1. I'm trying to understand the selection: among the residues of the range 94-126, which are in a strand (DSSP E or B) and closer than 20 Å to His12 by Cβ?
2. Which residue pairs have Cβ atoms under 7 Å apart, sit 6 or more places apart or on different chains, and have a first residue in the range 49-61 that is at negative phi and a second that is among the acidic types (Asp, Glu)?
3. State the number of residues belonging to the range 129-156 that are within 12 Å of the chain's Cα centre (by Cα) and more than 13 Å from His119 (Cα to Cα).
4. Looking at (1) surrounded by fewer than 19 Cβ atoms within 10 Å (Cβ to Cβ); (2) not in a strand (DSSP E or B); (3) not charged (D, E, K, R), which is the one condition that is false for Gly13?
5. Quick test for you: out of Ile5, Ile52, pick the one residue that is part of a strand (DSSP E or B) and either among the β-branched types (Val, Ile, Thr) or within 27 Å of Ile158 (Cα to Cα) (or both).
6. So in the range 47-98, with the set limited to residues that are within 13 Å of the chain's Cα centre (by Cα) and of a type in the set (Gly, Ala, Ser), which one is surrounded by the most Cβ atoms within 10 Å (Cβ to Cβ)?
7. Determine which single condition Leu37 fails, assuming it passes every other condition in (1) surrounded by fewer than 16 Cβ atoms within 10 Å (Cβ to Cβ); (2) of a type outside the set (D, E, K, R); (3) within 17 Å of the chain's Cα centre (by Cα).
Amino acid sequence: MKQLIIIGASGHGKVIADIALKNQYDIVGFLDDNDKLTEIIGYPVLGMTKEIDRYKDDCEFVIAIGSNSIRERIANSFNVKWATLIHPSAVTGLNVQISEGTVIMANAVINPDSRIGRHCIINTGAVIEHDNIVDDFSHVSPNATLAGTVHIGKRVHIGAGAVVRNNLSICDNCVIGAGGAVVKDITEEGTYVGVPVRRLR
């Protein structure tokens, strides 16, 4: 059985632990930079993130941290084997590519010829339609929908229930607020909210 250490002892970490168990991983424990934590859902907190190298010869790792920039920093700081986790209830279509470190959660749908980058989160019930590109370190939140042929850049956060119309692009480093509707390309980084979304000043 493959051994796994989860980086981030939080609620998000609990969800990822559940997916890992469903993928027949043996969870060794968690790493977290809160030194007051000793256990989570019955698993030990083994130490801080900087202690990854102690376990890299025996374990795979996954980053259970919602912040896109922190996931990127950790992923680029350590040369380890990153696990890719897909919940058994998720649906992935023909020719879907999912890169290392990414987690696909329960009831998510990724339709044909879509490409998901490194260390992304495709959260519960999210819909990624055909021919999408989701670049590295991005997060598509619960029940958000990307229609066909959408390209979202790096470190983009699509909020819960947000919708992106087909054939659009969103540049790097954007946040789309919960329930927002994206109806035209976004070419300037920032936070966008509303229906349709507008950039917060």
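Nothing in this text is a laboratory measurement; each read-out follows from the coordinates by a stated rule. Please read all numbers here as calculations on a predicted model, not as lab measurements. Cβ atoms come from the backbone with ideal geometry, glycine included; neighbour counts cover every protein chain shown.
1. Across the range 94-126, the qualifying residues are Ile98, Val103, Ile104, Ile110, Ile116, Ile121, Ile122.
2. Qualifying pairs under 7 Å: Thr49/Asp33.
3. 2
4. Condition not satisfied by Gly13: (1).
5. Values: Ile52 fails: part of a strand (DSSP E or B).
The conditions single out Ile5.
6. Ala64
7. That leaves (3) as the condition not met.
One line per residue, one yes/no per condition, for (1) in contact (Cβ under 8 Å) with a residue 24 or more places away in the chain; (2) in a loop (DSSP other than H, G, I, E, B); (3) over 24 Å from Thr84 (Cα atoms):
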{"site": "Asp131", "(1), (2), (3)": "no, yes, no"}
{"site": "Asp136", "(1), (2), (3)": "yes, yes, no"}
{"site": "Asn143", "(1), (2), (3)": "no, yes, no"}
{"site": "Asn166", "(1), (2), (3)": "yes, yes, yes"}
{"site": "Glu188", "(1), (2), (3)": "no, yes, yes"}
{"site": "Thr191", "(1), (2), (3)": "no, no, yes"}
{"site": "Arg201", "(1), (2), (3)": "no, yes, yes"}
